[in-house]
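Take a look at the structure below.
The values are calculated or read from the model by the stated rules, or taken from the named source; none is laboratory data. Small disclaimer: the values here were computed from a predicted structure and weren't measured. Reconstructed Cβ throughout: ideal geometry from the backbone, glycine too, with neighbour counts over all protein chains shown.
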Amino acid sequence: MRFAKHKGSAGALEAHHERTKAKYASNPDIDTSKSQNNFHVVQPEKSYLQETNSRIAVAGCKTRKDSVRFIDTLITASPEFFKDKSKEEIQSFFQIAVDFLSKKIGKDNIFAAVVHMDERTPHMHLCFTPITNDGRLCAKEIIGNRTQLTRWQDDFFEHMVKQFNNIERGESASVTGRRHIPVRVFKQAVHLTRQAEQIKTILANINPLNAGKKRDEVVPLLQKFFPGMENFETQLKKYRRAIGELKQENAVLAKKAEAGEKVSVRRQLDEAQLRSDYENLKQFVDSLPDEIKRQIQQKTKDTEISL
């Protein structure tokens, strides 16, 4: 269970949660052919913005420009946990999770809870307004500090394990000292790697007869790739310590995984893989012909001037 605070409009988030977009190029994990299997535990009656505004207005909350207006809660478990579970069992898992949050934050504060079955692992996005019992909009009081977040996780585990005794509590960040690496960073690595592979394929087929045509194909792709790569590098800097520690432990964790310790170790191995993905992408960038790099730089400058 993880919380993400939101202060402004929820348009993009709502489009993702409610699957109102035709395509999701930025998220390669989404299989839209399976989106019909998604389901709501709590169905929003209006747009997310209208839902939050109406609750804040009814409660008479005072707001500021930087007020947290709603919180997006991600709830999931390991792929191994969901393996071979029926639709009814999966529905039960997420309903029990909603029951837990309803007691903790107030049922009326929850305005949406949608379960995604069209990605690699079933997960739920539950959105709520952080309104206190005495009518204040205060995410800090409801969610709390790092110590309170650990207590949230403990309480959530105790609640869920009563119904699902094969659940294991993941290692607490307060124990490991690691900073959580968001799922979006992993997806960004996958997306960039796919872009790089597409560009490599085109470059591999260049010959004297088609050089100009192939170059024209590659340049637009690289214009999309380079900004994404730059953003990816920025994200990795934020989580350098976590990734570095996990890389050092990778050999030990691999042995544990082979021994059958899958639940917490598998995630850590995935995180350690980020460094390898990054190094492969850097090697790809370094291997690009200088002529193409200069062409991209010039096109970027021309775009900036025209803007």
Restricting attention to region 20-29, does a residue exist that is surrounded by 15 or more Cβ atoms within 10 Å (Cβ to Cβ), of a type in the set (Val, Ile, Thr) and either in the same structural domain as VAL161 (by TED's automatic domain parsing) or in a strand (DSSP E or B) (or both)? no
Go through the residues of region 104-111 one by one and say whether even a single one is out of contact with any Ser or Thr (no Cβ under 7 Å at 6 or more places or on another chain), without any contact (Cβ under 8 Å) to a residue 24 or more places away in the chain, loosely packed, with under 14 Cβ neighbours inside 10 Å and not in a strand (DSSP E or B). yes
Take the conditions among the hydroxyl-bearing types (Ser, Thr, Tyr) and under 27 Å from ALA57 (Cβ atoms) and apply them to THR147. Does it pass? no
Would you point out the residue of region 79-94, among those that are of a type in the set (S, T, N, Q) and in a helix (DSSP H, G or I), that is farthest from the chain's Cα centre (by Cα)? SER92
Does MET229 satisfy the condition of being modelled with pLDDT of 85 or more, surrounded by 15 or more Cβ atoms within 10 Å (Cβ to Cβ), in the same structural domain as LYS85 (by TED's automatic domain parsing) and among the hydrophobic types (A, V, I, L, M, F, W, C)? no
Taking region 74-103 and keeping residues surrounded by 16 or more Cβ atoms within 10 Å (Cβ to Cβ), at pLDDT below 95 and polar (S, T, N, Q) leaves THR76, SER78
